[in-house]
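Colleague: Please see the structure below; I have some questions.
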Amino acid sequence: MNSTAFTALIWWVIPIGAVLGAIIYGVWVTKYKKKFDNETNRSVNSFKKFQSTFKYKK
């Protein structure tokens, strides 16, 4: 492959990949992040409740 052609290909592929990545991330944030956060908070709360069962009670 010609070096100039390869360089031109890289100059097109990297920005296109970055734009696609940004679009995918934007869609994930708007549609799925709230659900993910809710499940994480639920899991953390369950773990805190589990931990509290081991605390020393006077």
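The values are calculated or read from the model by the stated rules, or taken from the named source; none is laboratory data. All values derive from a computational prediction rather than experimental measurement. We place every Cβ from the backbone using ideal geometry, glycine too, and count neighbours over all the protein chains shown. The area values use the complete protein model at the heavy-atom level, side chains included, leaving out ligands, DNA and RNA. Shrake-Rupley method; radii C 1.70, N 1.55, O 1.52, S 1.80 Å.
Colleague: With the condition kept exactly as written, say whether any residue in the range 13-32 is among the polar types (S, T, N, Q), surrounded by 10 or more Cβ atoms within 10 Å (Cβ to Cβ) and assigned to a helix (DSSP H, G or I).
Modeller: To start, the set of residues in the range 13-32 that are among the polar types (S, T, N, Q) comprises 30.
Now narrow it down to the ones that are surrounded by 10 or more Cβ atoms within 10 Å (Cβ to Cβ): none.
Looking for residues that are among the polar types (S, T, N, Q), surrounded by 10 or more Cβ atoms within 10 Å (Cβ to Cβ) and assigned to a helix (DSSP H, G or I), one finds none in the range 13-32, hence no.
Colleague: I would also like to ask the following. In this structure, is Phe47 in a loop (DSSP other than H, G, I, E, B) and open to solvent by 90 Å² or more (accessible area, probe 1.4 Å)?
Modeller: On the way: in a loop (DSSP other than H, G, I, E, B): no; open to solvent by 90 Å² or more (accessible area, probe 1.4 Å): yes.
Spelling it out, it is not the case that Phe47 is in a loop (DSSP other than H, G, I, E, B) and open to solvent by 90 Å² or more (accessible area, probe 1.4 Å).
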